[in-house]
Every structure is written in structure tokens, then in C-alpha cells.
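So the structure is just underneath, and the comments pick up after that.
No lab work stands behind these numbers, since they all come straight from the coordinates. Computed from a predicted model, the values in this text were never measured in an experiment. Methodologically, a virtual Cβ is constructed for each residue, glycine included, from the backbone with ideal geometry; neighbour enumeration extends over all protein chains shown.
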Amino acid sequence: MLDCGDVDARRTLVWAAALVAGCAPGDGQGSPGTPAPAAGPLPARRAVLLVCDTLRADRLGSLGSTSGATPNLDRLAGDSLAFERAYATASMTVPSMCSVMTGLYAADVGAVPGNTSMMPGEVETLAERLGDEGWVTGAVVSNYALRSWSDVLGDRSVWQGFDHYDHEMTDAEQNRPGQFERSAAATTAAAADWLRARARAGEDRLFLWVHYQDPHGPYTPPAEYERRFRGPVRDDVRVPIGQRNTAKERIPRYQAFGDEDRVDVYLQRYEAEVAAFDAALGELLDVLRELGWYDDSLIVFTADHGESLGEHGYWFGHGEHVHEEVVRVPLMLRLPGGRLPDWAAGGRTTRLAGHVDLRPTVEQALGLAPTPGRGVSLLEPPREGRVLLQRVFPSDANDGLCAVTDGAHRLLWRGEGDAPRLFDLRADPDELRDVAAERPEVVADLLARRDAHLRETAPASAHEGSAAPLDEAATDALRKLGYVDGGD
Ligand SMILES: [Zn+2]
């Protein structure tokens with residue numbers, strides 16, 4: 001378990017003072033080959049965004065897990081500002097990552113209804129902004145849904161603005177012949193290669209996004225991790241294997257290992273995937289240390305969404321609802337020198353935070369003016385009364401669902417006219433008891449704050465995306481990954 005006893009002793013930082021001290025990027029310190037300072041004055045010299053697909057917040061030791069699967073994440077949490085109430089905007093990869101890259105909701109940028117919808121090129125992304133400001137930009141992604149189609153579609157999605165976009169997925173999946181992915185170890189190796197090449201070229205002002213895939217189903221951990229997390233299996237806890245890629249009361253087809261229907265087998269394999277990812281993440285953090293880039297970088301860690309592991313009747317899937325288990329995500333900010341923003345009383349916070357906050361936070365940490373959007377810079381003090389939204393759009397697999405949360409409650413509704421359901425996240429963290437009828441004042445308050453949030457943060461222009469003209473092979477591959485529900 002994380003020992004947080006020493007984090008309060010870390011120096012806090014008055015951000016405004018650092019930013020007016022004249023050390024903004026572009027003032028001369030950023031020329032290639034200039035030695036970076038050993039320990040991080042602000043602004044940060046570079047930003048490293050580390051994302052793990054399908055990683056539930058509660059699987060981290062630092063957030064309460066006792067599995068021992070995440071020693072490297074726990075160490076990073078102890079060296080970071082860790083957010084205990086952080087949320088994705090969606091429970092699906094592409095809409096979620098569009099929010100990370102833009103600071104907007106997926107609906108703002110047309111990245112709906114799901115992973116095959118592409119935001120249009122005129123939407124500016126974080127990578128485009130940083131590239132324009134002089135940073136070298138690179139991405140290493142290992143989820144098929146994030147594969148770039150720039151050769152066909154041009155600048156249309158999360159790949160916008162990256163000088164280098166490595167989406168090589170050459171490992172044959174154990175569970176599905178003909179399908180490919182990239183393991184965490186290979187993802188780290190590819191990211192490390194790019195970092196070392198930048199170091200050799202003297203390009204140390206960079207923005208790197210690394211997207212790990214491992215905890216995403218099918219749960220096929222390396223054998224050593226599968227063995228390590230193998231344990232007793234309850235014979236009487238079984239779920240039928242479905243014929244579709246939906247997780248409601250069924251094991252989705254893409255997750256199934258033969259006729260295995262005992263849930264403990266899947267739970268143990270999920271844990272093993274998390275551990276394999278964690279080990280690879282630790283190696284990448286070591287590469288940053290080896291290059292002398294750990295201490296003067298902004299390091300952000302999060303997950304794109306979580307995973308249903310039986311809650312609310314959903315088994316081993318995501319993208320079908322927006323309850324806590326799929327939208328609460330781990331979030332850590334490791335600021336240069338291990339410093340904390342001046343508002344933070346320690347290394348952990350229950351402040352409400354979300355993926356829409358990451359773009360303005362990265363920009364401010366790098367010395368840039370934060371781009372207005374749905375989020376706020378997490379370097380600034382918390383704002384009273386804030387809410388965040390989550391949404392899944394209707395598909396073959398679900399009816400669509402909207403949620404608003406302030407971290408204390410979550411209100412869910414299916415559409416206009418639907419009676420909302422209210423859950424008290426503190427008294428009822430599993431969201432089992434609808435208290436909307438008992439607390440109409442909370443319902444009204446959340447709806448009013450939702451409306452105010454949408455009104456006050458509305459982007460200057462709305463965008464319409466488009467469903468990507470994927471070829472049949474790509475559509476089939478996404479379907480097998482669970483991202484396009486073809487039904488049967
Ligand atoms: Zn994902």
C-alpha cells in the first residue's frame with residue numbers, strides 16, 4: 001500500500017510566480033541540444049502522457065487494491081499528485097481520447113457515437129498546439145481503435161498533430177487468430193526507442209503519448225503473469241458466454257476463452273494483465289530517468305476508461321453504460337521536481353477532475369496559456385460547484401446513457417423525458433440504490449449545474465464528425481475487439 005506520510009513535506013509551488021519569471025518555452029532555452037536543468041523549475045520542459053486502456057481505478061494499490069499488481073503505479077502515485085475522483089467523459093476509447101486531446105466532450109467534436117466516428121480536421125488537438133509551439137510530438141498506441149487512418153482520411157482524429165504516430169501492432173493475439181495487438185513490453189520498447197532517438201538528436205522538448213492496451217479484453221497476459229495471479233476458482237460462479245459483443249448478463253463473444261464460463265478465471269486474468277502493464281510502465285519510467293528526463297517533465301498518467309467486472313450485471317466489457325466502474329479512472333500528475341500545485345494540501349486529493357482537464361493542465365505546465373474548453377487547469381485552485389458529464393451514445397449494444405457527477409452524486413438518464421436515477425457515491429459507491437425520489441433537491445441541483453456547465457463552457461463552434469469509411473477488414477477487426485457491435 002502507498003505510504004503517503006511524506007508527501008505533505010514536498011514543496012508546493014506558486015505557479016503564477018514561475019510563469020511570470022520569464023521561463024516560458026520559446027525564449028531560447030528550448031533550442032535543440034541545450035542541456036535541460038537537472039530538476040524541474042516550471043514550466044516543465046516536456047510532457048509525457050501515459051494512458052492504460054481499460055484500467056479500473058480501484059485496481060491500483062494506491063486506490064485500495066490489495067492484489068499487489070501495481071507497484072510501479074503506486075510508486076508513481078506516491079511521487080505525484082493523485083486524484084481519487086477522476087472521470088473519463090465516455091466509457092469507450094476514441095471518444096474518451098478525443099476529450100483528452102481537445103479538452104472537449106466527444107459530442108463537441110463529433111466523435112460520436114463511438115470508436116468509428118472521427119472528429120473533423122479543423123478541431124485543434126493538444127498535439128497540434130504543442131507542435132505549433134515548437135515541441136516534437138510522438139505517439140505510440142497499441143489499441144486497434146486508435147490506429148491512424150491518416151493515409152485515407154487525413155487529419156481527422158486523435159492522431160492529428162503527431163510528428164510520429166507509431167501504431168504497429170504485430171503480436172498475434174492468443175485468443176483470436178488473425179488479430180494483432182502490441183503487448184505492454186513492446187509498447188514500452190517502441191516508446192523507449194523514440195525517446196532515445198530524440199535524445200541522440202538533441203530534441204528534448206517533446207510531447208509523448210503512450211497508450212497501453214493490455215487490460216483490454218481478451219485477457220491474455222504473458223504466461224508468467226497468468227501463473228502468478230492464478231488462484232482458486234469458484235465452480236458455482238458462472239456467466240453464460242454470449243453470442244454478441246455485449247457484456248449485459250453475458251461474457252462478450254470477443255472475451256470468451258472457449259467454453260470457459262467461470263468468472264474467477266477472467267478476473268484473475270484481468271489482474272494479470274494489469275500487472276504486466278505495470279511492469280512495462282515501470283520500465284518506461286526508468287528510461288525517462290536514464291535520459292535525465294524524469295524530473296523536469298510533466299508526467300500524466302490515466303486510463304481511457306474502466307471495465308465492468310460484474311457490477312450492474314455487466315461482465316468484462318465497457319462502452320455500454322457510464323457507472324463508476326467504467327468512467328472512474330486513475331489520474332496522476334507528476335510535476336517537475338515532484339512539486340505540488342499551491343492549492344494541494346498533499347499528494348492525494350478528492351478534488352473532482354476529468355479528462356477534459358488534461359489539455360489545459362498540460363498547456364499551463366508547459367508555460368502556455370490554457371486553451372478554453374470544458375475543463376480547467378488542475379494547477380489552478382478547485383472551483384466550487386463543478387460538475388462533469390459522461391455519456392455513451394446509443395448503439396446496437398445499448399440505449400445510450402448520460403450522467404452528471406460532482407464526485408458526491410451521480411445522476412443518470414437515458415434521454416429527454418426519462419426519469420433520472422440518482423446515486424450517492426459516498427454512501428453507496430456501488431450505485432445500487434436510486435435515491436432520486438428521496439432527494440429531489442439534489443436532482444434539481446445537479447441538473448441546474450449541468451446546464452450551467454454546458455452553457456458556460458460551450459465551445460465557440462460545434463463540429464460534426466463522420467463515421468469513418470472503414471473498409472470491411474477494419475470494421476471486422478473493430479467488431480472482434482468489441483468496438484462495433486454487429487449483433488447476430
Ligand atoms: Zn479503451
Taking neighbour Cβ counts within 10 Å as the exposure measure, how do Arg75, Arg383 sort from fewest upward? Arg383, Arg75
Square roots of five times the Cα gyration tensor eigenvalues for region 148-222, Å: 25, 18, 10
Label point distance in nm, Arg426-Asp171, each placed 7 Å from Cα along Cα→Cβ: 4.2 nm
Summed side-chain charge close to Glu283 - residues other than Glu283 whose Cβ falls under 14 Å, Lys, Arg +1, Asp, Glu -1: -2
If neighbour count is taken as other Cβ atoms inside 10 Å, put Leu281, Leu331, Leu389 in order from fewest to most. Leu389, Leu281, Leu331
Quick one: Arg238, Arg450, Arg200, fewest Cβ neighbours within 10 Å first, how do they rank? Arg200, Arg238, Arg450
Residue separation between Glu416 and Leu153 times 0.36 nm, minus their alpha-carbon distance, gives in nm 91.3 nm
For the chain, count the residues as N, evaluate 2.2 N^0.38 Å, and divide the Cα radius of gyration by that value, please. 0.92
Students often get this wrong: which residues of region 364-390 have the backbone nitrogen under 19 Å from the point 7 angstrom along Cα-to-C-beta of Val435? 385-388
Positive dipole terminus of the chain, leading residue within Gln213, Ala77, Pro372 (C-beta point charges): Ala77
Compute the convex hull volume of the Cα atoms of region 114-240, divide it by the residue count, and report the result per residue in Å³ as a whole number. 156 Å³
Calculate for the chain the 222 nm mean residue ellipticity that helices alone would give, adding -39,500 (n - 2.57) per DSSP H run of length 4 or more and normalising by residue count, nearest 500 deg cm²/dmol. -7500 deg cm²/dmol
Based on Cβ point charges of +1 for Lys and Arg and -1 for Asp and Glu, what charge dipole magnitude is obtained for the chain about its Cα centre, in debye rounded to the nearest 20? 680 debye
Between Val237 and Glu472, Cβ-based FRET efficiency (R0 35 Å, step 0.05) works out to 0.35
Two-site label geometry, Arg227 and Leu454: point separation in nm, points 7 Å out along Cα→Cβ: 5.4 nm
Looking at region 45-189, I'd like the Rg to Rh ratio, where Rg is from alpha-carbon atoms and Rh is Kirkwood's inverse mean 1/r. 0.97
